1. Out of G56, G66, I need the residue that is assigned to a loop (DSSP other than H, G, I, E, B) and open to solvent by less than 70 Å² (accessible area, probe 1.4 Å). Which one?
2. Among the residues of segment 88-139, which ones are open to solvent by less than 20 Å² (accessible area, probe 1.4 Å), part of a helix (DSSP H, G or I) and under 17 Å from I191 (Cα atoms)?
3. Look through segment 167-194, keep the residues that are within 12 Å of the ligand (Cβ to nearest atom) and of a type in the set (G, A, S), and return whichever of them is surrounded by the fewest Cβ atoms within 10 Å (Cβ to Cβ).
4. Criterion first (open to solvent by less than 30 Å² (accessible area, probe 1.4 Å) and of a type in the set (D, E)) does D235 satisfy it?
5. When both residues are 6+ apart or on different chains and their Cβ atoms are under 7 Å apart, which pairs have a first residue that lies in segment 272-292 and is among the polar types (S, T, N, Q), and a second that is outside any loop (DSSP other than H, G, I, E, B)?
6. With the requirement that a residue be within 14 Å of the ligand (Cβ to nearest atom) and either at pLDDT 85 or above or touching a strand residue (DSSP E or B) at 6+ places or on another chain (Cβ under 9 Å) (or both), what does segment 112-123 give you?
7. Taking interchain pairs and intrachain pairs at least six residues apart, which have beta carbon atoms under 8 angstrom, with the first residue in segment 42-65 and without any contact (Cβ under 8 Å) to a residue 60 or more places away in the chain and the second assigned to a helix (DSSP H, G or I) and open to solvent by 50 Å² or more (accessible area, probe 1.4 Å)?
8. Could you give me the residue pairs with C-beta distances under 6 Å whose first residue belongs to segment 131-156 and is over 14 Å from G82 (Cα atoms) and free of Cβ contacts under 8 Å to residues at least 60 places away in the same chain, whose second residue is part of a helix (DSSP H, G or I) and within 16 Å of the ligand (Cβ to nearest atom) wherever it lies, and which are 6+ apart or on separate chains?
Amino acid sequence: MPLNDAVIKRQTPRDDFTIDQCWDEYSRSEHAVWSMLYERQAQALKGRACDEFFEGLDHLDLNDGGIPDLEKLNKKLHALTGWEVVMVPHLVPDDVFFTHLANRRFPAGRFIRGADQMDYLEEPDIFHDVYGHVPMLTQPVFADYMQAYGKGGLRALKHDCLKNLARLYWYTVEFGLIKTDAGMRIYGAGIVSSRTESVFSLESGSPNRLHFDLERVMHTDYRIDDFQQVYFAIDSFDELFAATQQDFGPLYERMSTDKQMHSVTDILPADKVYNRGTQDYAKSGGRKANQK
Ligand SMILES: [Fe+2]
């Protein structure tokens, strides 16, 4: 966990909350955890993650013997889309996060989970942040979407619509699915960095799978402690980017008065439904019950 990470502890973060990675100071066992997680996901994501994610992995060479050195990684990433990864000690305040995204910087945690936490952790570590998020940042349309999201976030702060925008991030950047000619595929970082949810999100009959709709998503609750009970699928990254190209001003105006919420199990008359979930997993007690 971050508090036990001596490299984080001894640094005073800069005004933008960044710290140095100090790559030379990762231990052999920390590098081994990365390699183990990488190998597991290589198996889990075959036929499940979208082509763009795999392309990103190839571009970045993230399986080079352990935790990536950001200096080397950033050279490749910057050449592709102008993005870079910056290191932060822990989750950063919303305005700091949005400012980084708006300037094509992705904040990532330095620490890596322990070998005893391979399947679940509460705070994102470098494996989630770099393996999960960065391959998609090599894709020009997705890279533009993330920057637009950062700019939209800075505006949302002024309109008290932060929760709405957080839901958009959750159901796209973290837990998004995409329809392809080969079938439904994963692009969300929260899924691609989790072996169990890689399978659950696509193959379980439990969750709802619905077509993405910007305003629908921005009014939908989500859960942070277990597998999602609803996933939203896009047809293309162009569709996702286009949805954010409208003027968010009137949207925020509407949302600041319209506080309607949909629960994670709702299916609305206007929804395009790919899978009407049984919700059996959640009803049976979810992670806690299934780990016993
Ligand atoms: Fe994330």
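1. Among G56, G66, only G66 is assigned to a loop (DSSP other than H, G, I, E, B) and open to solvent by less than 70 Å² (accessible area, probe 1.4 Å).
2. Within segment 88-139, I126, F127, D129, V130, Y131, G132, H133, V134, P135, M136, L137 meet the criteria.
3. My answer is G190.
4. No.
5. If the second residue must be outside any loop (DSSP other than H, G, I, E, B), the pairs left are N275/N208; N275/R209.
6. Within segment 112-123, R113, E123 meet the criteria.
7. D61/K76
8. Sorted first by the residue in segment 131-156, then by its partner, the pairs are H133/A189; G150/F98; G150/L101; G153/F98; G153/L165; L154/F98.
The values are calculated or read from the model by the stated rules, or taken from the named source; none is laboratory data. These figures come from a predicted structure and were not determined experimentally. Don't worry about glycine lacking a Cβ; one is built from the backbone with ideal geometry, like all the others, and counts go over all protein chains shown. The accessibility values were calculated without ligands, DNA or RNA, using every heavy atom of the protein model including side chains. Shrake-Rupley method; radii C 1.70, N 1.55, O 1.52, S 1.80 Å.
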